[in-house]
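See below for the structure under consideration.
The values are calculated or read from the model by the stated rules, or taken from the named source; none is laboratory data. Keep in mind that this is a model prediction, so the values were computed, not measured. Reconstructed Cβ throughout: ideal geometry from the backbone, glycine too, with neighbour counts over all protein chains shown. Only protein heavy atoms, including side chains, enter the accessible area calculation; ligands, DNA and RNA are left aside. Shrake-Rupley method; radii C 1.70, N 1.55, O 1.52, S 1.80 Å.
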Amino acid sequence: MSSPRQPSAEVRLARYLGLKVPVLNALREGLAAGEFPVFLRCASPALAGQFPHAFGFELLLERLRQAESLERRRGNLLRAFEGREDEFPEALEIIQNTMDEGELEDAGLVIHPSPSPADFEAPEKEEYADFLNKLRGDANLALQLQRKFRLEGTMDVTALEPESEEKKRFHNLAQGLMPIAQCAPDRYLQLRRAERAHAVKVEFGIPSAAVTALFESLESYPKQEKESYRGLFTDFVSRERLPRLVQQVRGTLKRRAEEASLQNGWEQVERSLDRGQNESLVVGVCAAKKGRMVLAAGHGTEETPRTIEVDLKSETLAESLKKFIGEEQVGLVAVQADTATRSGARTLMKAFPSGKPRMVMVPMAVVKTMLREVARRPADALLSHDERQAFLVATMAADPRAAAFHTPHIVRAFIPFRGEINHRILDDFETTFLRSLLASKGVDVNTASADALRLVPGLDAEGVVVERSTAPFRSLRDLQDRIGLTPEAWRAACCMLRVRGGDEPFDGRGLHPMYYAILKQTMAQSEVRVQDLVKDPGKIKQMDWSATLEGDRNSDGIVQRVKEGLAKSRRSRLRFQPGGGAQKGGSNRGGGRKLETLVAGEMLKGKVKNLAEYGAFIEFGCEREGLVHVSHCSDSFIKHPSEVLTE
């Protein structure tokens, strides 16, 4: 009887990522060709409608990198099995199908047994040494041990003697013995931070009953020496297998914790930085010494900031503020989010002469980043440290987007426990967010700041500023002729750049130039004028594309990209809140059970709220919806959750 047909690498990878095989192939081909991710997400016809959110696309790319690394290791192992397939059919089947790094390593032990530790002293009795060598090459035992460790393994978090106040704040993490499966992702980065600060000690283990059960299943030892072999087995597990298992589970927990932290950070940074310039007067506030407050006022564009230092207990506080503000209306008060400033701001808000303005908090991490990375300008060269700090707080609140473009590292300042996250992942997160800001509304190449232009892939921002000073760019094609970008950089840049009021009307919209020729040909056949289509993009529905796109395998994607490009740009904010696991815009409706109260393995009833290609969003009475991946929606293979679930 022939063995069942194994899925190809493409099918296996597509299932793991929750994608269709053609979509996965188009994505990998684009990346292999050197295309920038922003082009693939925003303009590639083969990927039209697949990745609406930049953050989800970035997570997918990270999982793709990990999966491709796993595929390379799988290929090396399969080559080692050539000619020996009949000897190890079970291990070979696991290697061909698993997407788990630990299982892949364990299955390969039949070919490459694990070496003994460097400090290992071989037993004098030859039978004991042979028993241990067999255990090192027993893939089935390693796989069973790994599964038991993941299901029954424990982590013991104990507090160490505090030497400082900084260490004391981590002691609430010391909750004693708990199952590994119950470790919340957002808690693990805190544990790593506490471990590095030597505030807590984390020890992983596996119950002795589980180890004994595995030993009892062995038959490779004489029963009359059971206790001696039990000791050898227990020592083997604790010295040789457990360290590997701990390393694997730490890596898994860290990856999950990083994703949870980045998810939280994206929501925070989008809410805080995805805002336009505030036209009204903005006042920045930070605490000084002895109950005094420093204020800086401006519109974000003034050359010389206005500053004042006030005493909160002074009887002339209101009069001083009135004189400082003048006849202008304060629209926003930006408060540095430390304890002293927040406390003093409550008193200060009551003293403002023209009603109570809106107040926003600027995180201390953002303020410190700006102090460290924003160079002093001639206008603020004479400001004291506190005055400049208040001025930077006001600048941040007056135009958050401009502040983010000028000081990109303030983006990562919103990510919890960013010090425990891989720096490459942080760099990708920062770049992805800022480029998504540019791609959502576009940036006019003739008026954009050099800070914004620096974020455009492959573009020499300073060169563009110098070139446009001689004459404005008349179109995106004019930009390419005068600047000369590489083809890949040009395609990515056109996802972000605009030329408004130039020779090409479509350059002012989000439509990529690669679709101009097809669109104009279809317009001519449908007798639709450019002016009418720009004024009313809805006319695109009346156009006949059949003749223009006949035989093109990406015809649907091209039409969708044209519709998206001509529509008015509207940025949808990703929300991980009730009423939308990947909710667009909207407010936080709050409520529901707290995430930290959930217990791994708990059975809950829920309602399907939304279906996506990669899974189903379930509302189950929690403050956030839960995502059930498409691979977990059914015991058998399905291409889309809608095959077994309905909204």
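Which Cys residues of the chain have no other Cys Cβ less than 4.7 Å away and so no disulfide-compatible partner by this rule?
Lacking a cysteine Cβ partner under 4.7 Å: Cys183, Cys286, Cys494, Cys622, Cys633.
State the antiparallel share, in %, of DSSP beta bridges confined to the chain, rounding to the nearest 5.
Antiparallel bridges: around 70 percent, rounded to the nearest 5.
Do the sum for the chain: with -39,500 (n - 2.57) for every DSSP H run of n ≥ 4, divided by all residues, what is the mean residue ellipticity at 222 nm, to the nearest 500 deg cm²/dmol? Before the final figure, lay out the partial values.
Details: 26 runs with 293 residues, N = 647.
After summing the helix terms and dividing by residue count, I get -14000 deg cm²/dmol.
Provide, in order from the shortest bin, the percent of all Cα-Cα pairs of region 102-171 in each 5 Å bin, continuing until the bin that contains the maximum pair distance.
3, 14, 15, 13, 13, 11, 9, 9, 8, 5, 1, 0
On a 0 to 90° scale, report how tilted helix 516-526 is relative to the longest principal axis of the chain, with both axes built from alpha carbons and the result rounded to the nearest 10.
Helix 516-526 sits roughly 70 degrees off the main axis of the chain.
Equivalent ellipsoid semi-axes for region 114-242, as square roots of 5 times the alpha carbon gyration tensor eigenvalues: give them largest first, rounded to whole Å.
In descending order the semi-axes read 36, 16, 12 Å.
For the chain, find the longest principal axis of its Cα atoms and tell me its angle to the long axis of helix 21-32, 0 to 90°, nearest 10.
That helix lies at roughly 70 degrees to the long axis.
Hand me the GluC sites (Glu not before Pro) from region 27-85 located in a DSSP loop with no more than 10 other Cβ atoms within 10 Å, in residue order please. Write out the running numbers ahead of the final one.
Details: sites: Glu29, Glu35, Glu58, Glu62, Glu68, Glu71, Glu82, Glu85; in loops: Glu35, Glu82, Glu85.
Within region 27-85, the qualifying GluC sites (Glu not before Pro) (loop, at most 10 other Cβ atoms within 10 Å) are Glu82.
Counting other Cβ atoms within 10 Å, which chymotrypsin sites (Phe, Trp or Tyr not before Pro) in region 1-86 have at most 11 and lie in a DSSP loop? Could the numbers behind the result be given before it?
Details: sites: Tyr16, Phe39, Phe55, Phe57, Phe81; in loops: Phe81.
Counting only loop positions with at most 11 other Cβ atoms within 10 Å, none of the chymotrypsin sites (Phe, Trp or Tyr not before Pro) in region 1-86 qualifies.
Estimate the FRET efficiency between Arg256 and Thr470 by the formula 1/(1 + (r/R0)^6), using the beta-carbon distance for r and 51 Å for R0, to the nearest 0.05.
About 0.45, to the nearest 0.05.
Could you tell me which of Val237, Val282, Ala46 has its Cα farthest along the dipole of the chain towards the positive end, charges placed at Cβ (Lys, Arg +1; Asp, Glu -1), taken about the Cα centre?
Val282
Past the 24 angstrom mark, what percentage of all C-alpha to C-alpha distances in region 362-514 do you count?
Roughly 42 percent, rounded to a whole number.
Working from the alpha-carbon coordinates of region 31-95, get Rg over Rh, Rh being the Kirkwood radius.
1.21
Under a Cβ-only charge scheme (Lys and Arg +1, Asp and Glu -1), can you give me the dipole magnitude of the chain about the Cα centre, in debye to the nearest 20? Each step should come with its number before you reach the end.
On the way: 93 positive and 92 negative charges, 505 e Å.
Computed charge dipole of the chain: roughly 2420 debye.
Tell me, what does the Kirkwood hydrodynamic radius of the chain come to in angstroms if you use every pair of distinct C-alpha atoms?
Kirkwood radius, the chain: 29.3 Å.
Considering only C-alpha atoms, what is the centroid distance from region 222-290 to region 60-85, in Å?
Cα centroid to Cα centroid, the span is 25 Å.
Sort region 301-350 into rounded, prolate or oblate with this rule: let a ≥ b ≥ c be the square roots of the eigenvalues of the Cα gyration tensor; rounded if a/c is under 1.5, and if a/c is not under 1.5, prolate when a/b is larger than b/c, oblate otherwise.
oblate
Compute the distance in nm between two label points, each set 7 Å from the Cα along the Cα-to-Cβ direction, one at His423 and one at Glu161.
It is 3.5 nm.
Which value, in Å to one decimal place, does the Kirkwood hydrodynamic radius take for region 222-300 when every pair of different Cα atoms is included?
The Cα-based Kirkwood calculation yields 19.1 Å.
I need the P(r) histogram for region 46-200: all alpha carbon pairs, bin width 10 Å from 0 out to the longest distance, whole percents.
9, 22, 24, 27, 14, 3, 0
How far, in nm, would the chain grow between Gln329 and Ala197 when pulled straight, counting 0.36 nm per residue and subtracting the alpha carbon separation?
42.8 nm
Helix 242-273: angle to the longest alpha-carbon principal axis of the chain, degrees 0 to 90, nearest 10?
Rounded to the nearest ten degrees, it is 20.
For region 279-395, what mean projected area does the convex hull of the alpha carbons give, in nm²?
Details: hull surface 26.8 nm².
That works out to 6.7 nm², a quarter of the Cα hull's surface.
Based only on Cα atoms, what Rg/Rh ratio does region 477-545 have, Rh being taken as Kirkwood's radius?
1.00
Share of Cα-Cα pairs in region 388-453 beyond 16 Å, in percent? Walk me through the numbers before you get to the answer.
Values: 1134 of 2145 pairs.
Pairs farther apart than 16 Å: 53 percent.
Residues of region 290-412: accessible area per residue at 1.4 Å, in Å²?
On the way: 6270 Å² over 123 residues.
Value for region 290-412: 51 Å² per residue.
Cα convex hull of region 352-403: how many Å³ per residue?
Spread over its residues, the Cα hull of region 352-403 gives 112 Å³ apiece.
Mind checking region 200-294 for GluC sites (Glu not before Pro) that DSSP puts in a loop (not H, G, I, E or B) and that have at most 13 other Cβ atoms within 10 Å?
Glu219, Glu279
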